[in-house]
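J.: Below is the structure I would like to discuss, written out as structure tokens.
The values are calculated or read from the model by the stated rules, or taken from the named source; none is laboratory data. Computed from a prediction, not measured in an experiment: that's the story for all the values here. We place every Cβ from the backbone using ideal geometry, glycine too, and count neighbours over all the protein chains shown. Just so you know, the surface numbers come from the protein's heavy atoms only, side chains and all, with ligands and any DNA or RNA stripped out. Shrake-Rupley method; radii C 1.70, N 1.55, O 1.52, S 1.80 Å.
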Number of protein chains: 2
Amino acid sequence: MGSHLIGEYLIERLRGLGARHVFGIPGDYVLGFYDLLQKRGLQTVNTCDEQGAGFAADAYARVRGLGVVCVTYCVGGLKIANTTAQAFAEKSPVVVISGAPGAHEWEKNPLLHHKVREFDTQKRVFEQLTVASTVLNDSQTALQEIDRVLHAALRYKKPVYIELPRDMVSVAGLANYKPSELHEKSDPISLRHSIDEAVEMINKAKRPAILADVELHRFGLQSELVKLMQKSNIPAATTIMGKSVIGENDPLYLGVYGGLMGREEVRRYIEQSDCLLMLGVFMTDIDQGIRTARLDPANCISATSEKLSIRYHHFDNVRFKDFLRALVKSPIQRRALAKIPHPPAMPPFKAAAKKKMTVKRLFQRLNSFLREDTIVISDVGDALFGAAELNIHQHTEFLGTAYYASMGFALPAAVGAQMADPARRPLVLVGDGAFLMTGLELATIARNNLNPIIIVLNNKGYGTERHIHDGPYNDVAPLNYHLLPGIVGKGIGFSVKTEDEFEQALEASEKHKDSFSLIEVHLEPLDRSPALHRLARSLADRL
Amino acid sequence: MGSHLIGEYLIERLRGLGARHVFGIPGDYVLGFYDLLQKRGLQTVNTCDEQGAGFAADAYARVRGLGVVCVTYCVGGLKIANTTAQAFAEKSPVVVISGAPGAHEWEKNPLLHHKVREFDTQKRVFEQLTVASTVLNDSQTALQEIDRVLHAALRYKKPVYIELPRDMVSVAGLANYKPSELHEKSDPISLRHSIDEAVEMINKAKRPAILADVELHRFGLQSELVKLMQKSNIPAATTIMGKSVIGENDPLYLGVYGGLMGREEVRRYIEQSDCLLMLGVFMTDIDQGIRTARLDPANCISATSEKLSIRYHHFDNVRFKDFLRALVKSPIQRRALAKIPHPPAMPPFKAAAKKKMTVKRLFQRLNSFLREDTIVISDVGDALFGAAELNIHQHTEFLGTAYYASMGFALPAAVGAQMADPARRPLVLVGDGAFLMTGLELATIARNNLNPIIIVLNNKGYGTERHIHDGPYNDVAPLNYHLLPGIVGKGIGFSVKTEDEFEQALEASEKHKDSFSLIEVHLEPLDRSPALHRLARSLADRL
């Protein structure tokens, strides 16, 4: 490459990494860059609020490998502190780009509009929420800084922050700068030693098992996992965050491991394994059913992007990807198929006329509604806990914020997910409390001709909290959900109370492909999934 | 007071400082405290999203002197980073209370749900956005910390952050702790010297003038200002942030001083004054019409809560309040009434049948619609710029985010403002772009039986930005606004295109007092107020 303007270089790199859309809301400190985005082939997608853009970019990153959100200084940027924190906590590589006052405007430190305390207040906030950050205020280092920060996003699958002062967009970067590529290699000796030890431990074990988590998805290693399972006949469970990493009809699939939330026999199988291969696992308290894990390090091999541990020691400089690939090629013995507890088949569903809908029946019905091209997107609460038991197909995707658990994710995530992969139709599961937070993004869905099927689990309040500690603060404002299509001028709406009404609404929604469909399902305030039943008791104990 | 539980003491202090409502959304880390709030007489008000709660608390603080927003850890707290930044930038004393994991849960640093990076990540973020912050994890210092932080909020009229680990709510604080009161006194000698010098300078001046800004409002010094003007016959202008500090029919009122946004003759009068008394003034670039102020320090006396300056020197330890009160009692000479440029009377409005609405005519009509008990709440853009020219009555309040300029403020602010002072009826002015950000808070308005009159200036996009640099990213999703009352089950809605339709909608809204009224006014995308016309050219130059 020859000489580059800073703004153009940034766009070129983002395109090179697979981004085709940028989510956000323009403002005067970033208008020039918005213009350039348009001209250079990155489609800008306005959401209603910046929060929606942050969630959309997160979902886009989960589906496509990199997401971009572009906002203005402070009034835009600080609105996505929470969505960036979620991307950090759940390992989603989101690039946050913020406009800023021009480098020359900083000089006299005047009270420029949108400023909070100091000019670098926003930068300081994002340093807490990202894995790398930079302010592109030096033309001699700007291109290199862009590469450094984008590499960090890819290396750690975490969000990064790029602040672009408005007078730097069209400034030339270092002449003849050579873009650096992300090449980080494992130390071959450490890699060999770690593989040797792991293979020996696995081959000696009587009942080895795999626990698969979110990083397999983030690093695109699902097929390596399948190869490893097929080669060795070792069965595998996933965490909730890792759900959909394995096709759930795989004969070696155990189910979700999640302490109180998962099934008891999966918990036993995993915790009693004499050699547990943990792949990309970050155990959270929700994974553990809000209690201490009972995994004995003496039996564990744990590989993540950050660390490789076998029993009580660690190996430096071994990449997660390299370790897993080497393991697939290693002399792991193929063993006889073990007798494992398969996930129970959901019973076939037949709608009962006039029978009131329940959470349990809702998910039983949805289980057979999933198709290979469905992407299930769950918001926090029983929308997630119930979905944990859905039987995800080989190519079905599942997005949920199962660790950070920020409400309001699902609806804007549908925008990001469907733009990242237009071949998939999102099935959005969202409670009434979460819908109120970002529900106007329906207008974004309508405007961009997206067609998710949105199911609002209306239990008239913050359902999970009712089971922990109830009070009037757990009630939420009611909406006439089925009328919302009339507000945004597109879509079809249903208000459903019984099983046969739900059946009809689902069938109509499946056929209606031109625009979104919104099905409000009335549920009793205290109705809940079996998983929430188990979880809530534990949460309440901690209050 | 005897012995106190930490949570109870906090509530008692907030009540003592005038708070009666707490805005927010509960979560499991803060459910116990929510329960206590209910029991101890602070009404909890759920908004749809935490962002709405942050804006509502800000408006509540501006009207009532202190606002409280209470949220859960990270997923709640980080959603109000932006609203807290606004409160900081615009000097609004908002107390942010966040739940957190219990002190004992921190010990093993597990991946508790909602955690971002470290346990203190949220605290670190809020240190950037508040004037004082604390984590109440030590029972021996907790009560004192509560006092320290609340005093800072009152002293500086800025937001503060209190993190309350869930297992500390019901822990006893230091026995027999004596609450400290906020008593900060001026140094009497410094005060006397500064007053002597100021009086001499004012009395010698040929054409003294006052510039009044937001701190007069925040410290409740409006009547002191009026006394000073009446005593001395010195005329006064206000900044936009300070609008409504002076009744605009006051014969000594010059109008809004705001560079390009204000009237030229006000600018001249203020900038040519040979003794300008600046009271509580924080000059921003919007106040200055996005250009350097031409105020000569040699002619200025500037008093704020942070600093007292006369010409080129400063006085330490002189409180803003004490200085103004002493000035009122000082031997300032009463001078003859100067000939000053009064704000032009808005022409009487007569609706023209079938004539299309324009921004200019909208504000002309609204000018005569204001009543003494109206509180005007303007969102960013022409909703604000147009409102700058409204003739505010003696007791009319005006709320707008004229410096930080965060969109989406007005609608949730109406919730906070009307709860802070139920005797006032909010007149909300909001653009379509801003409405999309927080519009679902209509459900909060409906649920709490509030009755603002909401005027949506629908110019089909980010109107201000169109005049700076236009592109498809300035278009926003359309809504059928007048149907929104049907969604929330209350209120009346109008869609208005002509002057007579607007007239009818306003009259019907005034009569309809039971619930809110929403009037969508269709405007041409490039129509704008005279103030925006002047401002936009200057903004575009900076792009």
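J.: Taking the stretch A:1-31 as the search range and keeping residues that are acidic (Asp, Glu) and either away from chain B (no Cβ under 14 Å) or in contact with a Cys (Cβ under 6 Å, 6 or more places away or on another chain) (or both), which one is most open to solvent (accessible area, probe 1.4 Å)?
T.: Taking the stretch A:1-31 first, the residues acidic (Asp, Glu) are A:8, A:12, A:28.
Those still in the list that are either away from chain B (no Cβ under 14 Å) or in contact with a Cys (Cβ under 6 Å, 6 or more places away or on another chain) (or both) too: A:8, A:12.
Numbers: A:GLU8: 42, A:GLU12: 81 Å².
Per the criteria, the residue is A:GLU12.
J.: Looking at (1) out of contact with any strand residue (DSSP E or B) (no Cβ under 7 Å at 6 or more places or on another chain); (2) assigned to a loop (DSSP other than H, G, I, E, B); (3) not charged (D, E, K, R), can you tell me which one B:GLY386 breaks?
T.: (2)
J.: Please identify the pairs in which a residue from the stretch A:244-273 that is free of Cβ contacts under 8 Å to residues at least 40 places away in the same chain has its Cβ atom under 6 Å from the Cβ atom of a residue that is part of a helix (DSSP H, G or I) and not aromatic (Phe, Trp, Tyr), counting only partners at least 6 apart or on another chain.
T.: Listed by first residue and then by second, the contacts come to A:VAL245/A:LEU216; A:VAL245/A:HIS217; A:VAL245/A:GLN222.
J.: So A:ASP196 passes all but one of these: (1) buried (at least 16 other Cβ atoms within 10 Å of the Cβ); (2) free of Cβ contacts under 8 Å to residues at least 12 places away in the same chain; (3) not polar (S, T, N, Q). Which condition number does it fail?
T.: Condition (1) is where A:ASP196 drops out.
J.: Right, next: Which of the residues belonging to the stretch A:344-356 are open to solvent by 50 Å² or more (accessible area, probe 1.4 Å) and either modelled with pLDDT of 95 or more or of a type in the set (Gly, Ala, Ser) (or both)? It would help to see each step written out before you state the result.
T.: First, pick out the residues of the stretch A:344-356 that are open to solvent by 50 Å² or more (accessible area, probe 1.4 Å): A:344-345, A:347-348, A:350, A:353-356.
Within the stretch A:344-356, A:ALA345, A:ALA353, A:LYS355, A:LYS356 qualify.
J.: In this structure, does B:PRO472 turn out to be at pLDDT below 95 and out of contact with any Leu (no Cβ under 9 Å at 6 or more places or on another chain)? Walk me through it before giving the result.
T.: Details: at pLDDT below 95: yes; out of contact with any Leu (no Cβ under 9 Å at 6 or more places or on another chain): yes.
Yes, satisfied.
J.: Name the residues in the stretch B:168-200 that are within 12 Å of B:ILE310 (Cα to Cα) and either over 33 Å from the mean Cα position of the chain (by Cα) or among the charged types (D, E, K, R) (or both), would you?
T.: B:HIS193, B:ASP196, B:GLU197, B:GLU200
Residue by residue, here is whether (1) away from chain A (no Cβ under 14 Å); (2) at pLDDT 90 or above; (3) touching an Asp or Glu at 6+ places or on another chain (Cβ under 7 Å) holds:
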| position | (1), (2), (3) |
| --- | --- |
| B:MET241 | no, no, yes |
| B:MET261 | no, no, no |
| B:SER273 | yes, yes, no |
| B:ASP287 | no, no, no |
| B:ARG294 | no, no, yes |
| B:SER309 | yes, yes, no |
| B:HIS313 | yes, yes, no |
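J.: Picking from B:PHE409, B:PHE398, B:PHE369, which residue would you name as being of a type in the set (A, V, I, L, M, F, W, C) and within 14 Å of chain A (Cβ to nearest Cβ)? Steps first, answer last, please.
T.: On the way: B:PHE398 fails: within 14 Å of chain A (Cβ to nearest Cβ); B:PHE369 fails: within 14 Å of chain A (Cβ to nearest Cβ).
Result of the check over B:PHE409, B:PHE398, B:PHE369: B:PHE409.
J.: Another question, then. What residue, of B:LEU129, B:LEU150, B:LEU154, is under 21 Å from the mean Cα position of the chain (by Cα), within 14 Å of chain A (Cβ to nearest Cβ) and touching a residue at least 24 places away in the same chain (Cβ under 8 Å)? Let's see the steps before the verdict.
T.: On the way: B:LEU150 fails: within 14 Å of chain A (Cβ to nearest Cβ); B:LEU154 fails: within 14 Å of chain A (Cβ to nearest Cβ).
On inspection, the qualifying residue turns out to be B:LEU129.
J.: Let me ask something else about it. Which count do you get for residues in the stretch A:35-50 that are under 16 Å from B:MET407 (Cβ atoms) and facing chain B (nearest Cβ under 7 Å)? Lay out the reasoning, then the answer.
T.: Going residue by residue through the stretch A:35-50, those that are under 16 Å from B:MET407 (Cβ atoms) are A:46-50.
This time we only want the ones that are facing chain B (nearest Cβ under 7 Å), so: A:46, A:48-49.
The qualifying residues number 3.
J.: Shifting gears a bit: Find the residue count for the stretch B:469-490, including only residues that are open to solvent by 20 Å² or more (accessible area, probe 1.4 Å), more than 19 Å from B:MET437 (Cβ to Cβ) and in contact (Cβ under 8 Å) with a residue 12 or more places away in the chain.
T.: 4
J.: Considering only the stretch A:170-190, state which residues are more than 30 Å from A:LEU14 (Cβ to Cβ) and touching a strand residue (DSSP E or B) at 6+ places or on another chain (Cβ under 8 Å). Before the answer, list the steps.
T.: Filtering the stretch A:170-190 for residues more than 30 Å from A:LEU14 (Cβ to Cβ) gives A:187-190.
Scanning the stretch A:170-190 gives a single hit, A:SER190.
Residue by residue, here is whether (1) over 22 Å from B:VAL125 (Cα atoms); (2) open to solvent by less than 10 Å² (accessible area, probe 1.4 Å); (3) more than 14 Å from chain B (Cβ to nearest Cβ); (4) touching a residue at least 40 places away in the same chain (Cβ under 8 Å) holds:
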site	(1), (2), (3), (4)
A:GLU118	no, no, no, no
A:ARG124	no, no, no, no
A:THR141	yes, no, yes, no
A:PRO159	no, yes, no, yes
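J.: Would you point out the residue of the stretch B:72-105, among those that are in contact (Cβ under 8 Å) with a residue 60 or more places away in the chain, more than 16 Å from the chain's Cα centre (by Cα) and open to solvent by 10 Å² or more (accessible area, probe 1.4 Å), that is farthest from the other protein chains (Cβ to nearest Cβ)?
T.: Residue satisfying both the conditions and the ranking: B:ALA103.
J.: Restricted to the stretch B:32-49, and to residues that are assigned to a helix (DSSP H, G or I) and open to solvent by 10 Å² or more (accessible area, probe 1.4 Å), which residue is farthest from A:THR83 (Cα to Cα)? If you could, list the steps in order and put the result at the bottom.
T.: Kept after step one, since they are assigned to a helix (DSSP H, G or I), are these residues of the stretch B:32-49: B:32-39.
Still in the running and open to solvent by 10 Å² or more (accessible area, probe 1.4 Å): B:32, B:35-36, B:38-39.
Details: B:GLY32: 26, B:ASP35: 28, B:LEU36: 30, B:GLN38: 30, B:LYS39: 33 Å.
Step by step, filter the stretch B:32-49, then rank; the result is B:LYS39.
J.: Restricting to the stretch A:357-366, count the residues that are in a loop (DSSP other than H, G, I, E, B) and open to solvent by less than 30 Å² (accessible area, probe 1.4 Å). If you could, list the steps in order and put the result at the bottom.
T.: Residues of the stretch A:357-366 that are in a loop (DSSP other than H, G, I, E, B), as a first pass: A:357-358.
Imposing the further condition that a residue be open to solvent by less than 30 Å² (accessible area, probe 1.4 Å) reduces the set to A:357.
Number of matching residues: 1.
J.: Just need a number here: residues in the stretch A:321-343 that are within 23 Å of A:GLN364 (Cα to Cα) and open to solvent by 90 Å² or more (accessible area, probe 1.4 Å).
T.: Qualifying residue count for the region: 1.
J.: Take A:ALA175 and tell me if it is surrounded by 15 or more Cβ atoms within 10 Å (Cβ to Cβ) and away from chain B (no Cβ under 14 Å).
T.: Values: surrounded by 15 or more Cβ atoms within 10 Å (Cβ to Cβ): no; away from chain B (no Cβ under 14 Å): yes.
No: the conditions fail for A:ALA175.
J.: For the stretch A:367-383, which residues satisfy the criterion of being among the acidic types (Asp, Glu), buried (at least 22 other Cβ atoms within 10 Å of the Cβ) and part of a loop (DSSP other than H, G, I, E, B)? Talk me through it step by step, then tell me what you get.
T.: Initially, the stretch A:367-383 is screened for residues among the acidic types (Asp, Glu), giving A:372-373, A:379, A:382.
Add one more test, that the residue is buried (at least 22 other Cβ atoms within 10 Å of the Cβ), and what stays is A:379, A:382.
A:ASP379 - this is the single residue of the stretch A:367-383 that is among the acidic types (Asp, Glu), buried (at least 22 other Cβ atoms within 10 Å of the Cβ) and part of a loop (DSSP other than H, G, I, E, B).
J.: Mind telling me which of the residues B:LEU276, B:LEU211 ends up being more than 23 Å from the chain's Cα centre (by Cα), crowded, with 20+ Cβ neighbours inside 10 Å and of a type in the set (A, V, I, L, M)?
T.: Of B:LEU276, B:LEU211, the one residue that is more than 23 Å from the chain's Cα centre (by Cα), crowded, with 20+ Cβ neighbours inside 10 Å and of a type in the set (A, V, I, L, M) is B:LEU276.
J.: Filter the stretch A:384-419 down to the residues that are at pLDDT 95 or above and open to solvent by 10 Å² or more (accessible area, probe 1.4 Å) and list them by number.
T.: A:MET407, A:GLN418, A:MET419
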